[in-house]
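No value in this document is a laboratory result; all are computed from the given coordinates. Everything quoted here is computed from the prediction, not taken from an experiment. Every residue, glycine as well, gets a Cβ built from its backbone with ideal geometry; the counts of neighbours run over all protein chains shown.
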Amino acid sequence: MSYGPNQQEYYKRVPAYIDKILKGAKPADLPMEQPTKFDFLINLKTARTIGLTIPPSLRVQAELID
C-alpha cells in the first residue's frame, strides 16, 4: 500500500513556476505549494503473495494495481 501526493498534479503546476521564473521572479521568492490531491494505491498481486487479505472497505477507497 502507498499513500502520497498525485505526481500528475505536480507536473501540471511546473509550467506556471517556470513561467514566473522566466519573467524575472526569483525562485526564492516563490511560495512553496502543498499537494492538494493524494493517491491511495494497493498492489493486490503483492498482497496475495505475502498472504494479506485486503478488506472491502479499503478496496473501495484505493486504486487497485494487479
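Loop only per DSSP, at most 14 neighbouring Cβ atoms within 10 Å: give me the trypsin sites (Lys or Arg not before Pro) in the chain, ordered by residue number.
Here the sparse-neighbourhood loop sites are 23, 37.
Value of Rg to Rh for the chain, rounded to two decimals, is 1.24; Kirkwood radius and Rg both from alpha-carbon coordinates. Once backbone amide H atoms are built at 1.01 Å from N, residue 43 has 65 as its partners under 5 Å, excluding neighbours fewer than 5 places away on the same chain.
So if we plug the beta-carbon distance of residue 26 and residue 6 into 1/(1 + (r/R0)^6) with R0 = 25 Å, what FRET efficiency do we get, rounded to 0.05?
The calculated FRET efficiency here is 0.35.
In order along segment 55-60, the Karplus-derived 3J(HN,Hα) couplings, from 6.51 cos²θ - 1.76 cosθ + 1.60 at θ = phi - 60°, round to x, x, 5, 7, 4, 5 Hz, and Gly and Pro are given as x. When the Gaussian network model of the chain links Cα atoms closer than 10 Å, the mean-square fluctuations of 28, 16, 47 top out at 28.
Cross-link partners for residue 20 among the lysines, with Cα-Cα distance under 25 Å and sequence neighbours closer than 8 places in the same chain left out: 12, 37. Here the sum of -39500 (n - 2.57) over DSSP H runs of 4 or more residues, divided by the residues of the chain, equals -12000 deg cm²/dmol at 222 nm, to the nearest 500.
I'd like the orientation of helix 7-22 relative to the chain: the angle between its Cα long axis and the longest Cα principal axis, in ° from 0 to 90, rounded to 10. Rounded to the nearest ten degrees, it is 10. By the scheme Lys and Arg +1, Asp and Glu -1, what is the net charge of all other residues having a beta-carbon under 14 Å from that of residue 41? That works out to 0.
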